[in-house]
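The structure under discussion appears below in the form of structure tokens.
No value in this document is a laboratory result; all are computed from the given coordinates. Source: prediction; values computed, not measured. Heads up, the Cβs are rebuilt from the backbone with ideal geometry, glycines too, and the neighbour counts pull from every protein chain shown.
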Amino acid sequence: MGFIIPFFWAGRNRKAKFMPHNDSAPSSSATGRDVLLWDLAGTLLPWDETTGRPGVLPGCDEYLPELCREFRQYVTTGDSCGGARQLLAGFEILEYFEDVYGDLMGPVGKPYGAILQAVGGDPARSLAVGDRLKSDVAADTPDVVTVLINQDGRTHNCAMVAFLVHLLRRKNAFFPAAFDTLMAGADPDPDVLGEAQGGEITAAGRRSDGLSYRLWRFEHTLLDEPRRVVVI
């Protein structure tokens with residue numbers, strides 16, 4: 001089975017390619033339209049300063065299976081597909097992901113729209129989870145909301161991602177609408193406005209709903225519209 005990158009992404013990222021289906025992945029009870037797209041290095045596998053090596057995101061053993069019941073989960077990475085598969089298997093979390101998309105080396109973001117088109121996912125009902133603003137927003141659709149974790153040298157817990165996912169879902173089944181509702185009621189956060197990783201944060205709010213987090217609108221000259229970003 002192959003994956004054809006649409007022309008609008010192929011011009012930017014000729015290396016993007018599809019990893020064949022993982023036959024050991026569990027079947028999902030989700031609708032098929034709801035998708036979580038996880039970054040690998042720094043997100044699922046943050047750097048452990050104690051050991052000097054990457055380690056698995058705490059809480060994955062408990063919360064990835066829970067999220068599997070509601071979402072189809074995929075890994076997206078700039079690493080090779082084979083290398084990513086080995087790392088995920090070594091940390092015993094490969095089984096929670098239906099596929100891995102590797103060698104995603106675009107100048108800004110990842111081709112989440114193309115990936116979701118290939119797997120039948122709805123961008124407005126999908127979330128990307130990453131650790132880098134410029135690299136982990138959607139390159140080809142404004143409808144995928146990105147959740148940034150493991151910021152400022154801190155490592156979060158997968159439980160916090162699950163909590164935020166369900167918080168957004170309670171507001172609206174469509175994540176851009178949920179984001180906009182939360183942003184409308186957020187406290188202004190002017191200190192983070194301005195240049196960021198080659199782009200600009202043009203709107204920012206801060207909330208605490210059992211979990212403190214920020215909401216950003218990120219713009220870049222290589223993106224057609226602002227991207228919605230939630231920062232834990």
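Maximal additional length on extending the residue 105-residue 172 stretch stands at 20.9 nm, based on 0.36 nm per residue less the C-alpha distance. Mean projected area of the Cα convex hull of the stretch 142-226, taken over all directions, amounts to 5.9 nm². Counting only trypsin sites (Lys or Arg not before Pro) that are in a DSSP loop and have at most 14 other C-beta atoms within 10 Å, tell me the longest site-free stretch of the chain. For trypsin sites (Lys or Arg not before Pro) (loop position, at most 14 other Cβ atoms within 10 Å), the longest site-free span of the chain is 70-153.
For the stretch 7-231, a simple Cβ point-charge model (Lys and Arg +1, Asp and Glu -1, everything else neutral) yields a dipole of about 340 debye relative to the Cα centre.
Coupling constants for the stretch 85-95 follow from the phi torsions by the Karplus curve (6.51 cos²θ - 1.76 cosθ + 1.60, θ = phi - 60°), and in residue order they are 4, 5, 5, 5, 5, x, 8, 6, 10, 4, 5 Hz; glycine and proline get x.
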